[in-house]
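Presented below is the structure to which this report refers.
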Amino acid sequence: MPTIGVALAIPEPWASELQDYRTSVGDATATMIPTHITLVPPTEIGEAEVAQVEKHLAEVATLVEAFRVHLRGTGTFRPVSPVVFVTLVEGISQCELLAKSVRQGPLDVDIEFPYHPHVTVAHHLDDDALDRAFRELGDFECEFAVDGFHLYMHDESTGWRPTRDFPLAAPAADPAGA
């Protein structure tokens, strides 16, 4: 059974910067996971359901306007989960609404924790490495337009790979000063 995920890709140059950082603090999973904001966590579906999922995602995309995301600073889910992440300071509600929309119909999945949009930069590391990531990325900041989302498939040897893009209904406005 395929394992899928749905996510917003972080654009370059920030995607590589954050993925390289994640590798540098010892997160061995970093090279197998593109830098992203999760909408649907890893979910097993039947091979026959892929087309139905793609149709659902295409329909959702036509109903959602593009939006801006502004990432700044770090947060953590500790002690509940050993994760350090870059926080969203703009685009939170749009991510929440989009995630809610895609997690309906064939993707009506239970999630382990309440949805909180974020970009993971350290996961399942010792406390010193998590503290380091929290501290060193505390001043990280970037802004970008979200004009679509992606369906990812997991492959044991290559990790998570985007298999289809879903453009959103309308372009986002440029950030001030961009």
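Can you compute the FRET efficiency between HIS70 and PHE113 using 1/(1 + (r/R0)^6), with r the Cβ-Cβ distance and R0 = 25 Å? Round to the nearest 0.05. Walk me through the numbers before you get to the answer.
Numbers: r = 23 Å, r/R0 = 0.92.
Rounded to the nearest 0.05, the efficiency is 0.60.
Might you report the magnitude of the Cβ-based charge dipole of segment 3-167 about its Cα centre, with Lys and Arg at +1 and Asp and Glu at -1, to the nearest 20 debye? Could the numbers behind the result be given before it?
Working: 11 positive and 27 negative charges, 46 e Å.
The calculation lands at about 220 debye.
Just subtract the alpha-carbon distance of SER16 and VAL89 from 0.36 nm times their residue separation and send over the number in nm, one decimal.
Details: separation 73, 0.36 × 73 = 26.28 nm, distance 2.06 nm.
Working it through step by step, the gained length comes to 24.2 nm.
Could you work out which residue, out of ASP165, ASP20, ASP108, moves most in a Gaussian network model of the chain, that is, has the largest mean-square fluctuation with Cα springs under 10 Å?
ASP108
Would you calculate, for the chain, the mean residue ellipticity at 222 nm contributed by helices, counting each DSSP H stretch of 4 or more residues as -39,500 (n - 2.57) and dividing by all residues, to the nearest 500? Don't skip to the answer; put the middle values down first.
Working: 4 runs with 46 residues, N = 178.
Only helices count here, giving -8000 deg cm²/dmol.
Which FRET efficiency value, to the nearest 0.05, is calculated for GLU49 and GLU136 with the Förster distance at 41 angstrom and r the Cβ-Cβ distance? Don't jump to the answer; show the numbers that get you there.
Values: r = 41 Å, r/R0 = 1.00.
The formula returns an efficiency of 0.50 here.
Quick one: ILE10, ILE33, ILE111, fewest Cβ neighbours within 10 Å first, how do they rank?
Placing the least packed residue first, the sequence is ILE111, ILE33, ILE10.
Compute the FRET efficiency between ALA169 and ASP126 as 1/(1 + (r/R0)^6), taking r as their Cβ-Cβ distance and R0 = 30 Å, and round to the nearest 0.05.
Details: r = 44 Å, r/R0 = 1.46.
Once rounded, the FRET efficiency stands at 0.10.
State the percent of C-alpha pairs, over all pairs in the chain, separated by a distance greater than 22 angstrom.
Working: 7032 of 15753 pairs.
Looking at the chain, the distances longer than 22 Å represent 45 percent of pairs.
No value in this document is a laboratory result; all are computed from the given coordinates. On a predicted model such as this, the values are computed, not experimentally measured, just so you know. Using ideal geometry, Cβ is built from the backbone for each residue, glycine included, and neighbour counts are taken over all protein chains shown.
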